[in-house]
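Nothing in this text is a laboratory measurement; each read-out follows from the coordinates by a stated rule. Every value quoted in this text rests on a predicted model; they were computed, and no experiment measured them. No Cβ is skipped: glycine too gets one built from the backbone with ideal geometry, and neighbour counts run over all protein chains shown.
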Amino acid sequence: MGFRTYLNAQSVKTEIKESRYPIKGYLFLVSTAFFTALSYVFGKAVNKDLNPETVTFFWFFSAFFFSLFVVILLPSQRMEIKNIGRYLPIFFWSSVVTAIGAALWILSLRTIGPPLTSFLMKSQTLFSLLLGILFLGERLNKWEMFGIIVTITGGVVVAYQKEGYLILGTFMALLSAFCYSLLSFLVKKIAQNLNMLTVANLRALGVSIVVFAYLVATGRFQVPELRDLLFMAFGGLTGAYIAKASQFQSIKLLDVSRSTAVMPMESLFVVVFSYVFFHDLPSVTKLLGGAGIVVGVVFLVVFRGTKVETL
């Protein structure tokens with residue numbers, strides 16, 4: 001009896017520890033950051049003569065193509081087909097929101113480059129925090145407020161541009177960040193009890209359908225060269241599929257704001273990859289601004305949910 005009580009106590013301690021320090025959730029976020037950064041490399045390498053809508057289509061159709069192999073290999077994924085009706089709301093909303101966000105991301109990537117785009121995409125954290133407060137009942141404490149101020153300050157430094165086309169690229173990045181924070185919110189709100197890998201599979205299919213319909217209706221469809229097709233295929237695999245499947249799984253284990261707050265790692269990976277593959281580095285001022293964003297977001301991570309003088 002005593003031994004059983006001991007085991008039960010240890011089990012409770014483990015559950016409490018996992019609740020306070022959800023290691024699995026953060027491991028999925030590391031995976032998200034790394035594979036998202038790789039997708040920046042492939043996105044930057046795609047020929048700029050291809051319009052963003054065409055790139056978005058091939059990007060997500062490639063992700064859906066790779067997902068078919070996962071469905072074939074995993075019985076759990078095949079079993080979810082009979083429950084497809086439960087996925088229709090998230091299928092619709094994630095497809096529309098992602099299609100818009102992805103096209104904006106590509107425009108920003110081409111205009112202001114991978115590092116600055118990545119830094120500005122960290123505003124997802126602020127947008128997600130706001131959505132969490134407004135609709136999920138999450139609360140804000142003073143240290144999170146400090147993190148928000150530092151993040152916004154760094155964001156202003158990164159976003160400040162004199163040239164008109166750079167201002168447009170900055171605006172596109174911020175709009176894209178909002179779309180992806182809205183996506184995280186929707187997944188948390190209406191897909192919490194669903195299989196996240198299936199959600200990622202259907203999202204890739206849905207975006208392909210939405211963008212292809214748009215391309216046909218507007219006559220903007222372009223046929224890429226093999227080189228660009230390969231870049232988009234690997235970009236879709238790493239960014240639209242592996243990274244998002246990892247992020248969706250982390251959302252199940254973490255609250256919405258925290259699930260996007262660890263993404264500073266992504267910016268670090270992007271800066272390194274940009275230098276290695278493109279010899280592209282922002283100015284020292286922009287890097288300092290990006291560092292400010294990272295510091296602010298780290299505060300949001302460390303102090304998220306702590307009960308210290310809640311505002």
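From Cα pairs below 8 angstrom and at least 6 apart in sequence, can you work out the relative contact order of region 84-195, rounded to a whole percent?
Across region 84-195, relative contact order equals 52 percent.
Cα-Cα over 27 Å: which of K48/K286; K44/K286; K44/K142; K142/K188; K44/K252; K24/K189?
Exceeds cut-off: K44/K142; K44/K252.
Could you check the spin-label model distance between R86 and K48? Points 7 Å from the Cα along Cα→Cβ, value in nm.
Using points 7 Å along Cα→Cβ, the separation is 4.7 nm.
Along the Cα-to-C-beta direction of A213, a point sits 7 Å from the Cα; which residues of region 71-108 have their amide N less than 18 Å from that point?
85, 87-103
Determine ³J(HN,Hα), in whole Hz, for all residues of region 229-239 in sequence, where each value follows from phi through the Karplus function 6.51 cos²θ - 1.76 cosθ + 1.60 and θ = phi - 60°; x replaces Gly and Pro.
Taking θ as phi minus 60°, the curve returns 4, 5, 4, 5, 5, 6, x, x, 5, 6, x Hz for region 229-239.
Among W105, W59, W143, rank each residue by its count of other Cβ atoms within 10 Å, from fewest to most, as a rough exposure measure.
Listed from fewest to most nearby Cβ atoms, that is W143, W105, W59.
Chymotrypsin sites (Phe, Trp or Tyr not before Pro) within region 219-250: which are DSSP loop residues with at most 16 other Cβ atoms inside 10 Å?
F221
Given Cα pairs under 8 Å that are at least 6 residues apart, what percent is the relative contact order of region 24-302?
44
At K189 and F69, where each label point lies 7 Å from the Cα along Cα→Cβ, what is the point-to-point distance in nanometres?
About 3.6 nm, to one decimal.
Could you put S108, S208 in order, starting from the residue whose Cβ has the fewest other Cβ atoms within 10 Å?
Ranked by crowding around the Cβ, least crowded first: S208, S108.
Suppose we take every Cα in region 24-302 and form the convex hull; what volume per residue is that in Å³?
126
Extension gain V298-L134, at 0.36 nm per residue separation less the Cα-Cα distance, in nm?
Gain on stretching V298 to L134: 56.9 nm.
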